[in-house]
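Written below as structure tokens is the structure these notes are about.
The values are calculated or read from the model by the stated rules, or taken from the named source; none is laboratory data. This structure is a prediction, so every number in the text was calculated from the model and none was measured. As a convention, Cβ positions derive from the backbone with ideal geometry for all residues, glycine included, and neighbour counts pool all protein chains shown. These accessible areas exclude ligands, DNA and RNA; they are computed on the full protein's heavy atoms, side chains included. Shrake-Rupley method; radii C 1.70, N 1.55, O 1.52, S 1.80 Å.
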Amino acid sequence: MEKNYTNYDLDKLDVQILSILMEDASIPYTEIAKKLIVSGGTIHVRMKKMEEMGIIRGSNLIINPQKIGFDITAFLGIYLEKGSQYADAVEQLKQVKEVVELHYCTGQYSMFAKIICKDTSHLRKVLNEDIQGLKGIQRTETIISLEESIKRQITL
């Protein structure tokens, strides 16, 4: 349950804790405490507070999609028939497991999605059968990524 904290500034210890965990979320609190010369309880309390504030939304296991046969990353510009169909389109796109990110955006597209597929045949199926026929989607434009050169969290 997220509490509403206003005007809270992260202090140096918070930033250090976050920086360590952003590098490796599997590091135990006790090890972080040793590195920062504080108690394990202090780390636990700080983490709990940052979770309640919504700064920390969880931790994830990150896999390399290519190592398990997903070789195509594509970005999809999506045009909606009407802007009012956004919420419905999001709900429908949540059902397409290949959609790994979706953004409501300004510019020529209504939405911009990142999709990951096994190969071009799989991509064609996802586009033609799973996405382009969804209610409210007028048309799409696809951009295939040749290489991911940078992927990182923000730097604190």
| query | Given (1) assigned by the TED database to the domain that holds Leu18; (2) touching a His at 6+ places or on another chain (Cβ under 8 Å), where does Ile72 come up short, assuming only one miss? | reply | (1)
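Take Ile116 and decide whether it is at pLDDT 95 or above, surrounded by 11 or more Cβ atoms within 10 Å (Cβ to Cβ) and not in a helix (DSSP H, G or I).
Details: at pLDDT 95 or above: yes; surrounded by 11 or more Cβ atoms within 10 Å (Cβ to Cβ): yes; not in a helix (DSSP H, G or I): yes.
In short, yes.
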| query | Within the stretch 83-99, is even one residue open to solvent by 50 Å² or more (accessible area, probe 1.4 Å) and closer than 25 Å to Lys151 by Cβ? | reply | yes
| message | Report every pair of residues separated by at least 6 positions or lying on different chains whose Cβ atoms are under 7 Å apart, first residue within the stretch 119-136 and in the same structural domain as Leu76 (by the TED database), second open to solvent by 80 Å² or more (accessible area, probe 1.4 Å). | response | Asp119/Asp71; Lys135/Asp88; Gly136/Glu81; Gly136/Asp88
| Residue list for the stretch 15-48, filter: assigned to a helix (DSSP H, G or I), open to solvent by 50 Å² or more (accessible area, probe 1.4 Å), free of Cβ contacts under 8 Å to residues at least 24 places away in the same chain and over 16 Å from Thr155 (Cβ atoms) | Tyr29, Thr30, Glu31, Lys34, Lys35, His44, Val45, Lys48
| request: With the condition kept exactly as written, say whether any residue in the stretch 87-100 is at pLDDT 95 or above and basic (Lys, Arg). | output: yes
| query | Counting only residues that are modelled with pLDDT of 95 or more and in a helix (DSSP H, G or I), how many does the stretch 68-86 have? | reply | 1
| task | State all residues of the stretch 103-144 that are of a type in the set (Gly, Ala, Ser) and touching a strand residue (DSSP E or B) at 6+ places or on another chain (Cβ under 6 Å); if no residue qualifies, say none. | result | Ser110, Ala113, Gly136
| message | If Gln108 meets every condition in (1) surrounded by fewer than 14 Cβ atoms within 10 Å (Cβ to Cβ); (2) more than 15 Å from the chain's Cα centre (by Cα); (3) touching a residue at least 12 places away in the same chain (Cβ under 8 Å); (4) not in a loop (DSSP other than H, G, I, E, B) apart from one, which number is that one? | response | (4)
